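To start, the structure under review is shown below, and the notes come after it.
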């Protein structure tokens with residue numbers, strides 16, 4: 001073997017850091033909301049699913065890496081983020097930016113050449129929305145950051161749908177809006193718990209600007225809209241009664257959790273429950289869509 | 001699906017969305033989430049946009065859904081309604 005030997009631990013740390021830059025735990029849910037719509041739109045081949053999974057991971061991972069580059073000035077002052085590769089000093093900011101852009105570029109070409117141009121365009125739109133609209137503009141300027149910024153996380157269903165159908169229709173728009181309206185109750189549960197971290201770095205999260213009770217009330221309103229939107233595709237025949245029962249049961253449990261937060265004096269444990277359950281909720285809701293559609297086909 | 005279920009879902013969802021959306025708008029224009037008095041005009045304008053835009057989008061979506069539910073549904077293969085067939089375009 002020639003060349004300079006790299007210490008095994010350092011090599012492993014770099015690999016771990018590169019993976020950490022993509023925020024793999026967050027991407028796993030994004031991939032559920034990408035792949036499930038593919039099976040709602042039709043019966044995709046395994047190769048297409050694999051290509052969209054890789055492309056989706058690279059694009060979302062690229063967006064997350066660029067987000068860490070842009071937020072490097074506040075990440076080292078927040079307990080939740082100060083161990084990330086940049087604030088901990090393990091990676092240079094420019095290297096992280098280059099890594100993120102490279103991942104997004106690779107994803108764009110992969111999706112455009114091997115899937116279709118619409119899929120690549122939608123994935124790239126999600127990248128730009130997350131980086132420029134959410135991270136650069138809204139995050140530090142408005143308490144509505146999570147509401148509007150939620151659109152960035154709602155692109156994956158469109159990507160998955162377009163990969164199979166080659167277009168976007170009413171059902172796909174519903175999937176987009178379901179994720180859009182799911183985001184406020186999901187993320188504000190976390191924002192309630194981490195509000196002091198956000199306050200320390202000047203990010204105007206809803207609990208800091210509107211107060212805890214108003215944030216909880218708005219979580220309730222968004223949850224009600226979310227439940228309504230999850231039932232509507234049944235009305236125009238996109239899903240059947242089996243899905244309707246699952247959507248109402250899952251949504252009812254989420255609503256119960258949000259009401260419990262709203263009514264509690266000590267709400268910390270209940271907010272954690274809503275945050276964790278909302279992750280499971282979205283995954284199970286999309287699984288229910290797939291099961292319903294595949295049984296109907 | 002039974003003939004009364006689709007309108008029942010539609011009108012229940014419209015009612016739920018209307019109540020929640022009115023509450024959100026009320027909170028922004030008159031309640032706890034309205035912009036501070038000292039906020040700049042530009043900030044107020046963009047904040048208003050962020051609240052009104054989703055409300056308008058939701059209203060448009062409900063209108064489109066109403067049309068999809070009430071559109072004549074010629075029987076397709078297997079007797080599926082046209083709107084459901086559209087969702088299968090890629091299969």
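All of the numbers you see were taken from the coordinates with simple rules; none came from a lab. All values derive from a computational prediction rather than experimental measurement. All Cβ positions, even for glycine, are placed from backbone atoms using ideal geometry, and neighbour counts span all protein chains on display.
List of remarks:
- The range A:109-226: Rg to Rh, with Rh as the Kirkwood radius over Cα pairs: 1.06
- Alpha carbon centroid spacing (whole Å) that separates the range A:12-26 from the range A:136-211: 23
- Look at where the Cα atoms of the range A:244-297 and of the range B:46-70 average out, and the two centres are 24 Å apart.
- Residue order for A:49, A:203, fewest other beta carbons within 10 angstrom first, comes to A:49, A:203.
- Estimated Rh, the range A:156-297: Kirkwood, alpha-carbon pairs, angstrom: 16.0
- The calculated 222 nm mean residue ellipticity attributable to helices in the protein assembly as shown amounts to -24500 deg cm²/dmol, summing -39500 (n - 2.57) over DSSP H runs of n ≥ 4 and dividing by all residues.
- Kirkwood-type hydrodynamic radius, the protein assembly as shown: 22.0 Å, calculated from all non-identical alpha-carbon pairs.
- Projected over every direction and averaged, the convex hull enclosing the alpha-carbon atoms of the range A:69-146 yields 6.1 nm².
- Annotation for residue B:8 and residue B:22: the two label points, set 7 Å from Cα along the Cα-Cβ direction, are 2.4 nm apart.
- At R0 = 30 Å, FRET efficiency that the Cβ-Cβ distance of residue A:167 and residue A:132 yields, to 0.05: 0.70
- For the range A:176-257, taking the reciprocal of the average inverse distance between every pair of different Cα atoms yields a Kirkwood hydrodynamic radius of 13.8 Å.
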